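Enquirer: There's a structure below that I have some questions on.
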Amino acid sequence: MFLNLSNEPYLKMTEKGNGEYQVTPWSVEGEVDYDRLAEQFGTKYIDEEIKEYLIKFTGEVNFFVRRGFFFSHRDLDWIFKKYGEGEKFYLYTGRGPSGKVHLGHLLPWYFTKYLQDKFDAQLLFQVTDDEKFMYRDELSLKDVRNSTMDNMLDIIAVGFNPKKTQILVDTLWIQELYSISIRVAKMINFSTVRAVFGFTESTNIGMIFFPSIQAAPSVLYSEKLKKPVPCLIPAAIDQDNYWRMMRDIAEKLGYYKPAQVHSKFLPSLSKGGKMSSSSPESAIYTTDKPKDIEKKIKNAFTGGQPTVEEQKKKGANPYICPIFWYDNYFFETDDVKLEEIRQDCVSGKLLCGEHKMCLISKVKNFLADFQAKREKAKDAVNDFLYDPKKEVVL
Ligand code: TRP
């Protein structure tokens, strides 16, 4: 039975100390130990059974899964089982518009698009401008609105199907979520959200209510269709707490528990951690110009040796090297080519400077194309904006 979830443990929010990492939906610091995280969250690894389903329904194991970027899940097997029985699911993902979008943000969106295309699925995309306004002291409502407009172009540029995608901006369409959110909120007490999200006495009351707003889209289409429908949420693993919370109460409210598929983070260009908007040099933004790309990648941390001689002698360490992880996760580098890069890196044949030049050219090409799509997206915003009257056909 899929519904045997009652004792999935909540994540303990901060594991700094010896573990040296911290993951909350609002900050990820240090090097993340994904195995430990998955264990603590009580999620399942993507295993052979899931891969067999993927082959059955999509004809392949997509490279995001093959490379282990999407690595863990809750109830993905159940989603696929239902799908096999003819019950379709919808996709739900989102973006907190706190600033510019960087390449790390795009990866879960590209995987979401992949799933949309392969399963011909509806997508509900939530933009949590309310969350970012309430969470970030320095941001005004105007700031998050500007980021919303800007980020929407990135979302659209990913290439979602306009007929099957709705972008719901919280402050514009809260009335669609509100009756769900208050039912969710009534079932969750302060001590639970405090433990789950790491809230403190000084957390503002908006943030304390907010989890019920992020949970709502996971059942919105069930509301619209007046029957429980499966929902699959592709998201980075730091968002898991919301769904974990929702899964505890979904059935009591008459819905299915939302299913998830979790990604890792794209490593930062500086040493350790994920690519983060709060340290601009560690991230490549979708609007970066060729000269920014060059500068950032040239200055990036690598797994190389201090001198060329040493590198030729001792070789480098690809596993701690962001340049290598880009080849691995971001670009669909052919498996054979990737193994060649890895070996040349380890043996010292490939020098970091040379490897960086390859990456610079790949990122430049990618962004030239993406930026053109981003420009075009300006004319398509209305096609994607949430419309409460639009009929949802799964
Ligand atoms: N809280 C997320 C962020 O800060 C935004 C978000 C809302 C989201 N709903 C989601 C992310 C669903 C993934 C899936 O980016």
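The values are calculated or read from the model by the stated rules, or taken from the named source; none is laboratory data. All of these numbers come straight from a predicted model, not from anything done at the bench. All Cβ positions, even for glycine, are placed from backbone atoms using ideal geometry, and neighbour counts span all protein chains on display. The protein model used for the area step is the full one, side chains on, heavy atoms only, and it has no ligands, DNA or RNA in it. Shrake-Rupley method; radii C 1.70, N 1.55, O 1.52, S 1.80 Å.
Enquirer: Can you tell me which residues in the range 68-92 are of a type in the set (Ser, Thr, Tyr) and open to solvent by 10 Å² or more (accessible area, probe 1.4 Å)?
Expert: Hit for the range 68-92 is 83, nothing else.
Enquirer: Which of the residues belonging to the range 245-268 are in a loop (DSSP other than H, G, I, E, B) and open to solvent by less than 30 Å² (accessible area, probe 1.4 Å)?
Expert: Here is the first cut: in the range 245-268, the ones in a loop (DSSP other than H, G, I, E, B) are 250, 254-258, 264-266, 268.
Scanning the range 245-268 gives 250, 255, 257, 258, 265, 266, 268.
Enquirer: What are the pairs with Cβ atoms under 9 angstrom where one residue, in the range 35-50, is under 21 Å from residue 78 (Cβ atoms) and the other, located anywhere, is of a type outside the set (Asp, Glu) and open to solvent by 30 Å² or more (accessible area, probe 1.4 Å)? Sequence gap at least six, or different chains.
Expert: The qualifying pairs are 38/44; 38/45; 41/9; 41/10; 42/7; 42/9; 42/10; 50/44.
Enquirer: Quick one: count up the residues across the range 197-251 that are of a type in the set (Ser, Thr, Tyr) and either within 15 Å of the ligand (Cβ to nearest atom) or touching a Cys at 6+ places or on another chain (Cβ under 7 Å) (or both). If you could, list the steps in order and put the result at the bottom.
Expert: Filtering the range 197-251 for residues of a type in the set (Ser, Thr, Tyr) gives 200, 202-203, 212, 218, 221-222, 242.
Add one more test, that the residue is either within 15 Å of the ligand (Cβ to nearest atom) or touching a Cys at 6+ places or on another chain (Cβ under 7 Å) (or both), and what stays is 212, 218, 221, 242.
Adding up the residues that qualify gives 4.
Enquirer: Mind counting the residues in the range 121-148 that are of a type in the set (Lys, Arg), over 24 Å from residue 219 (Cα atoms) and in contact (Cβ under 8 Å) with a residue 12 or more places away in the chain? First the steps, then the outcome.
Expert: Residues of the range 121-148 of a type in the set (Lys, Arg): 132, 136, 142, 145.
Now narrow it down to the ones that are over 24 Å from residue 219 (Cα atoms): 136, 142, 145.
Still in the list and also in contact (Cβ under 8 Å) with a residue 12 or more places away in the chain: 136, 145.
Residues flagged as of a type in the set (Lys, Arg), over 24 Å from residue 219 (Cα atoms) and in contact (Cβ under 8 Å) with a residue 12 or more places away in the chain within the range 121-148 amount to 2.
Enquirer: Any chance the range 290-298 includes a residue that's outside any helix (DSSP H, G or I) and either at pLDDT 90 or above or not small (Gly, Ala, Ser) (or both)? Break it down stepwise before answering.
Expert: Step one: of the range 290-298, the residues outside any helix (DSSP H, G or I) are none.
No, that holds for no residue.
Enquirer: All but one of (1) open to solvent by less than 60 Å² (accessible area, probe 1.4 Å); (2) under 24 Å from residue 108 (Cβ atoms); (3) part of a loop (DSSP other than H, G, I, E, B) hold for residue 329; which doesn't?
Expert: All conditions are met except number (3).
Enquirer: Which of the residues spanning the range 103-133 are within 13 Å of the ligand (Cβ to nearest atom) and open to solvent by 50 Å² or more (accessible area, probe 1.4 Å)?
Expert: Once the filter is applied, which keeps residues that are within 13 Å of the ligand (Cβ to nearest atom) and open to solvent by 50 Å² or more (accessible area, probe 1.4 Å), the range 103-133 yields only 133.
Enquirer: Identify the single condition in (1) within 14 Å of the ligand (Cβ to nearest atom); (2) farther than 21 Å from residue 238 by Cα; (3) open to solvent by 10 Å² or more (accessible area, probe 1.4 Å) that residue 152 does not satisfy, given that it satisfies every other one.
Expert: Answer for residue 152: the failing condition is (3).
Enquirer: Continuing with the same structure: Assuming residue 239 fulfils every condition listed in (1) surrounded by 22 or more Cβ atoms within 10 Å (Cβ to Cβ); (2) under 20 Å from the mean Cα position of the chain (by Cα) apart from one, which condition is it?
Expert: All conditions pass for residue 239, except number (1).
Enquirer: Can you tell me which residue is nearest to the ligand (Cβ to nearest atom) among those in the range 134-149 that are of a type outside the set (Asp, Glu) and part of a loop (DSSP other than H, G, I, E, B)? Let's see the steps before the verdict.
Expert: Just the residues of the range 134-149 that are of a type outside the set (Asp, Glu), to begin with: 134-136, 139-142, 144-149.
With the extra rule that they be part of a loop (DSSP other than H, G, I, E, B), the set shrinks to 136, 139-140.
Numbers: 136: 11, 139: 12, 140: 18 Å.
So, considering only residues that are of a type outside the set (Asp, Glu) and part of a loop (DSSP other than H, G, I, E, B), the one nearest to the ligand (Cβ to nearest atom) is 136.
Enquirer: I would also like to ask the following. Within the set of pairs 6 or more residues apart or between chains, which connect a residue that is on the phi > 0 side of the Ramachandran plot and free of Cβ contacts under 8 Å to residues at least 60 places away in the same chain inside the range 194-217 to a residue that is of a type in the set (Gly, Ala, Ser) and open to solvent by less than 10 Å² (accessible area, probe 1.4 Å) with Cβ atoms less than 9 Å apart?
Expert: none
Enquirer: Which one is nearest to the ligand (Cβ to nearest atom), of the residues in the range 155-182 that are over 24 Å from residue 379 (Cβ atoms) and hydrophobic (A, V, I, L, M, F, W, C)?
Expert: 177
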